[in-house]
Amino acid sequence: MPGERIVISEVAPQVDCGRWPAKACVGDSVAVAATIVRDGHDPLRAVVRYRRSRGRWREEPLETIGIDRFGGSFPVDAIGRWQFEVEAWVDRHAAWLDEHDRKVAAGQTDLAGELAEGEALFGAGTPDEWRARAATLSKHDRPGAARSDAYPVEVERERARAGAWYELFPRSWGGLAGVAEVVPALAEHGFDVLYLPPIHPIGRTNRKGRNNEERAEPGDVGSPWAIGAAEGGHDTIHPGLGDAGDLAALVQALHAHGMELALDIALQTSPDHPWLAEHPEWFQHRPDGTLKYAENPPKRYQDIHNFDWDTSDRKGLWEAFRAVVLRWCEAGVTVFRVDNPHTKPVPFWEWLIAEVRRRHPETVFLSEAFTRPAMMTLLAKAGFSQSYTYFTWKNAKWELIELVEQLREWSPYLRPNLWPNTPDILHATLQQGGRPAFESRLVLAATLSPSYGIYSGYERCENAPVRSGSEEYLDSEKYEVRERSFDGPLLPLLARLNETRRSHPALTAAGLERLAWLETESDHLLGYARTLGADVVLVVVNLDPFAIHEGVCVVPPALGLPEPVEVVDALTGETYAWGARNYVRLGPGKAHVMTVPRPVGLERKP
């Protein structure tokens with residue numbers, strides 16, 4: 001069969017042999033590599049063929065990058081599903097020229113037969129003339145060409161990779177109208193995404209009291225995740241937060257300040273949700289007919305019911321959820337944070353995300369799947385744009401390195417979003433380490449990952465647990481209203497970090513594959529470099545919130561920096577001359593975020 005003598009293997013990027021798409025963002029150059037072999041010694045040429053959806057195929061050349069290994073890239077300039085394949089063939093023109101030149105170099109003079117072959121291959125002319133035409137002729141002459149399988153790439157907008165998130169409970173800020181008033185301050189401090197927990201009516205039956213007490217007292221507001229009441233369900237705004245006009249005004253305010261809205265999607269109900277009466281077959285029942293409430297022993301959620309994903313009316317259930325998500329898309333929500341997706345069927349998420357993006361291709365989905373690695377990665381493969389990670393629990397140097405290396409392995413399909421705190425997680429490091437711990441964790445989150453987020457109160461270093469040994473906040477906003485304002489000692493640090501992220505694409509436009517660890521000769525100092533082209537950012541963080549630590553920052557020659565090189569600490573504005581080994585002394589929780597001046601005219605990616 002034509003092409004069977006050329007074997008193309010180990011094509012990258014691919015995810016599970018092409019079952020799932022690799023991920024990229026608009027404006028990226030998708031790096032491609034493949035191992036290509038053929039019997040004999042004739043030189044091979046290769047290209048990557050690529051297209052969006054079912055559009056016209058285009059090509060970019062692949063060059064030799066190692067023994068039998070070819071590499072190159074192709075640009076992606078639009079959102080949607082792309083595909084690529086590798087094509088390879090024998091370069092007959094280069095093969096003839098190589099054989100001819102070796103014979104001439106060996107002193108052979110009787111080359112009449114070879115010249116006749118050359119004329120048949122190139123046409124009339126001399127070897128020098130043929131040499132000038134060889135490259136052009138080789139592009140069109142592809143005898144015995146072989147092609148690999150076609151592999152998918154899902155291309156999303158830049159927000160799917162990078163952004164600074166701020167989470168707040170709107171009922172603690174005066175409802176949706178009150179939230180709109182704080183948008184200018186959030187934008188001024190460099191946030192890109194405002195994330196709201198569920199904004200729907202809250203059930204009254206089995207409502208939880210303050211600090212998750214099983215019985216609510218009069219006036220207790222309940223948990224926003226206990227969705228549904230007489231006022232409506234997942235498609236309704238809680239009347240205490242405002243109405244559709246207030247939501248539209250909030251979306252407009254966000255857009256005016258270059259921000260966008262993320263909304264929580266929690267596929268569960270309170271006992272008062274209208275669907276319980278309208279579609280009882282959608283819910284889990286015990287043999288005695290009673291409804292099961294949600295449990296994750298030892299935790300019990302008497303105010304929440306889960307859906308029966310094996311319901312006989314699967315079509316109706318799935319389509320109802322699709323309608324809910326599309327309703328909020330049409331209201332201006334462009335990002336969804338999905339609560340506990342790992343407790344729902346993966347085929348459902350693959351279907352839902354595809355259905356939503358068919359109508360609203362710009363939609364970004366964040367997976368809140370604090371679960372086993374196999375399930376976390378499967379959700380990413382199925383379509384989620386980003387994922388929470390185990391970052392919140394990784395604090396020692398070795399733990400952080402192990403985490404990043406694991407995320408690096410997953411980088412073709414999983415994009416991390418690092419959160420040092422959430423409404424559910426107040427780690428012991430923050431409880432015990434105070435402001436220095438808050439500072440170091442913030443710097444790590446903002447400089448290790450293109451996407452990161454904080455839950456409101458972080459800027460104020462709030463760290464009181466409900467009880468010793470618990471990761472729950474005292475007086476948690478999940479169960480009560482707090483009088484909130486955007487202030488606190490960490491606001492200047494937040495602003496500087498987000499400004500640095502926006503002006504240095506190495507921190508946002510490059511994934512973890514472009515991170516290099518820097519030796520510090522200290523178990524308490526974590527050092528790393530983020531690079532993209534000529535943009536280089538060097539980071540050293542003191543992970544100890546209690547003590548000063550000294551060490552060095554070793555800058556390897558592979559980074560290509562001159563020695564010495566002027567670096568500017570983005571956090572303080574101080575300038576240093578750094579070389580190969582640089583003395584570092586950092587106070588508790590302090591950090592250097594060293595930026596390297598770039599050549600004039602270097603493009604900055606927003």
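Tabulated data
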read-out	value
Fully extended contour minus Cα-Cα distance, from Thr290 to Arg514, at 0.36 nm per residue	75.2 nm
Helical mean residue ellipticity (222 nm; -39500 (n - 2.57) per DSSP H run of 4+; nearest 500) of the chain	-8500 deg cm²/dmol
Length released on extending from Arg133 to Val346, taking residue separation times 0.36 nm less the Cα-Cα span	71.3 nm
Gyration tensor verdict on the range 287-327 (Cα atoms; rounded if a/c is under 1.5, prolate if a/b is larger than b/c, oblate otherwise)	oblate
Of all accessible heavy-atom area on the range 331-452, the percent that carbon and sulfur account for (1.4 Å)	56 percent
Over the range 118-194, equivalent-ellipsoid semi-axes from the Cα gyration tensor in Å	65, 16, 7
Loop sites in the range 499-605: trypsin sites (Lys or Arg not before Pro), DSSP, at most 12 other Cβ within 10 Å	Arg604
Straight-distance crosslink candidates among lysines, where the alpha carbon sits under 30 Å from Lys315 and sequence neighbours closer than 8 are dropped	Lys23, Lys292, Lys344, Lys381
Stokes-Einstein translational diffusion, the range 274-382 - Kirkwood Rh over all Cα pairs, 0.692 mPa s, 37 °C, in µm²/s	213 µm²/s
Förster radius 35 Å - calculated FRET efficiency between Ala547 and Ala249 (Cβ-Cβ, nearest 0.05)	0.10
Along each principal axis, Cα extent of the chain, largest first, Å	105, 64, 42
Helix 346-359 axis, angle to the chain major axis (alpha carbon atoms, nearest 10°)	80 degrees
Percent RCO, i.e. relative contact order, over the chain, from Cα pairs under 8 Å lying at least 6 residues apart	11 percent
Candidate aspartates and glutamates for bridging to Lys397, where Cα separation is under 20 Å - those fewer than 8 sequence places away on the same chain excluded	Glu405, Glu409, Glu439, Glu513, Glu519, Glu521, Asp523, Asp544, Glu550
Three-way shape label, the range 488-562, alpha-carbon gyration tensor, a/c 1.5	oblate
Descending Cα extents along the principal axes, the range 1-60, whole Å	40, 25, 21
Cα gyration tensor, the range 394-552 - rounded (a/c under 1.5), prolate or oblate	prolate
Alpha-carbon radius of gyration plus Dmax, which is the widest Cα pair, for the range 40-175 in Å	24.4, 93
Globularity ratio of the range 362-433, using Cα Rg and 2.2 N^0.38 Å	1.14
Helix 314-330 axis, angle to the chain major axis (alpha carbon atoms, nearest 10°)	90 degrees
Debye intensity ratio I(q)/I(0), log10, the range 349-468, q values 0.13 Å⁻¹ (C-alpha model)	-0.56
Ile65-Glu281 FRET efficiency (beta carbon distance; Förster radius 60 Å; 0.05 resolution)	0.55
FRET E, pair Ser73, Glu214, Förster distance 60 Å, beta-carbon r, rounded to 0.05	0.55
Among Gly511, Val466, Val48 - extreme Cα towards positive end, dipole of the chain, charges at beta-carbon	Val48
Proximal lysines to Lys478, defined as alpha-carbon separation beneath 16 angstrom and excluding residues fewer than eight positions away on the same chain	Lys208, Lys299
Radius of gyration and maximum dimension Dmax of the range 188-321, Cα, Å	16.8, 57
Where Rh is the Kirkwood radius over Cα pairs, Rg/Rh for the range 150-238	1.12
Extension gain (nm, one decimal) between Gln302 and Asp424, 0.36 nm per residue minus Cα-Cα	42.2 nm
Helix 244-256 vs. the chain, principal-axis angle (Cα, 0 to 90°, nearest 10)	40 degrees
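The values are calculated or read from the model by the stated rules, or taken from the named source; none is laboratory data. Being a predicted model, the structure only gives us computed values, none of them experimental. No Cβ is skipped: glycine too gets one built from the backbone with ideal geometry, and neighbour counts run over all protein chains shown. To get the accessible areas, we keep the full protein, side chains included, count just its heavy atoms, and leave off ligands, DNA and RNA. Shrake-Rupley method; radii C 1.70, N 1.55, O 1.52, S 1.80 Å.
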